[in-house]
Every structure is written in C-alpha cells, then in structure tokens.
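Read-outs: derived from the displayed coordinates by stated rules, not from any lab. As the structure is a computational prediction, the values presented were derived from the model and not from experiment. Cβ atoms come from the backbone with ideal geometry, glycine included; neighbour counts cover every protein chain shown.
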Amino acid sequence: MAILEIARMGHPVLGRPAAPVADPTAPEIARLVADMVETMEHANGAGLAAPQVGVSLRVVVFQAPGARAAEGLSDAEHFDHTAPLTVLVNPVIDVLGDDREGGWEGCLSVPGLRGWVERPFHIRYSGFDLKGNRLTRTARGFHARVVQHECDHLDGILYPARMGDVSKLIFESEIHHWLEPKSSDEEAAQ
C-alpha cells in the first residue's frame with residue numbers, strides 16, 4: 001500500500017467525468033482501493049474518490065466515523081452520522097424525497113476551506129464491492145452528504161460548484177464564527 005498524492009482544485013483530472021470500471025474484481029482495482037483507503041486515513045478524510053489521486057475511474061471510498069459528529073461541523077445534520085468503511089465501484093445515487101439539508105463541507109482537494117452546501121437529505125446509493133457484489137444502502141444526514149460529495153468527484157464536480165452562496169466559502173480556521181455559540185452554562189462546564 002502507498003499514500004498517494006491528492007490532486008488539488010484546478011488539476012484537470014478533477015474537472016472531468018471519470019470512466020466506468022469494467023471489472024470491479026480486477027487486482028489493479030483492489031490495489032487502487034487499498035492505496036486510497038491508506039491515503040484517506042492518513043489525510044484524516046471522510047472519503048476519497050479515485051480522480052482525487054489522479055485515476056479517472058468511478059471508484060470511491062468513504063467512512064463517516066461517529067467522531068465526526070463530535071467535531072461540531074455536522075450539528076445541523078440530524079440523522080445517520082456514521083457509515084462503515086465502504087468501497088463503491090461504479091456508484092449510482094437515487095434521491096429519496098425533496099427534503100434538503102445544509103452542512104459545512106471540506107475536501108482533501110480543496111485544503112483549508114469549508115463551504116456551506118445544501119444537498120438532498122435522504123438518498124439510496126448502490127454500486128459494486130471488490131468481489132463484484134452489488135451493495136445498496138439508504139442514508140441520511142452526514143452519511144448521505146459524504147456519499148454525494150465523493151460521487152460528485154466522479155462527475156468532475158467539486159463542492160464549491162454546489163454552493164448556493166459563495167460568501168459561505170470560508171477558511172477552516174474561521175469556522176468558529178459560523179458555529180452556534182455555546183451557552184454560558186456549557187462553557188462553564190468545560
């Protein structure tokens with residue numbers, strides 16, 4: 001396994017649609033996924049798409065660890081803050097309902113920034129695992145957000161393009177100005 005270089009916003013590989021994978025069980029796809037997982041974990045990311053590591057194929061890995069909810073960035077998102085480590089080859093997303101929810105997103109390809117993005121609240125996603133088995137799940141909240149964010153990479157879309165209000169594109173160091181302030185009782189308890 002290897003830690004791969006992550007392409008940053010502006011790199012051409014991030015701006016074009018990725019190609020479908022012919023065989024999800026191919027050894028080179030397993031090697032790519034192992035490197036992607038190691039790279040994602042090393043960078044403390046919640047997900048990673050193959051184009052982010054310079055490979056224009058429809059492969060994503062993601063996880064929504066419960067600790068992410070504790071970071072305070074997903075407080076506005078109500079359900080399903082966790083997802084197991086998941087590999088999706090040739091993923092497809094179906095939106096389930098009209099409800100949308102906003103949340104602060106970051107991206108390993110857009111380091112140091114966060115943006116407020118509204119996305120569908122409830123989705124079903126499917127794709128293939130590395131054994132060629134079809135995987136289908138429903139997701140809400142942060143879990144749904146992570147899946148949509150990573151699958152956007154496969155279509156050449158970075159989260160700033162999904163923002164409705166670019167004035168909410170901020171440096172991570174300034175996020176505390178945008179989070180709901182703690183009550184004086186909560187601050188005294190800490």
| Helix 141-154 sits at what angle to the longest principal axis of the chain, using alpha carbons and giving 0 to 90 degrees rounded to 10? | 40
| message | Based only on other Cβ atoms within 10 Å, what is the fewest-to-most ordering of M1, M36, M9? | response | M1, M9, M36
| query | In nm, to one decimal, how far is the modelled label at L96 from the one at A2, with both set 7 Å along Cα→Cβ? | reply | 4.0
| task | Using label points projected 7 Å from each Cα along Cα→Cβ, tell me how many nm separate R16 and F171, to one decimal. | result | 3.4
| message | Ratio of alpha-carbon Rg to the 2.2 N^0.38 Å globular estimate for the chain, to two decimals, please. | response | 1.03
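Rounded to the nearest 0.05, what FRET efficiency do A30 and T136 have when you use their Cβ-Cβ distance and R0 = 25 Å? Show your work: numbers first, answer last.
Working: r = 21 Å, r/R0 = 0.85.
E(calc), rounded to 0.05, equals 0.75.
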| request: Name the longest site-free stretch of the chain, where the excluded sites are chymotrypsin sites (Phe, Trp or Tyr not before Pro) in a DSSP loop with no more than 15 other beta-carbon atoms within 10 Å. | output: 80-177
| query | Quick one: helix 27-42 against the long Cα principal axis of the chain, what's the angle to the nearest 10°, folded into 0 to 90? | reply | 20
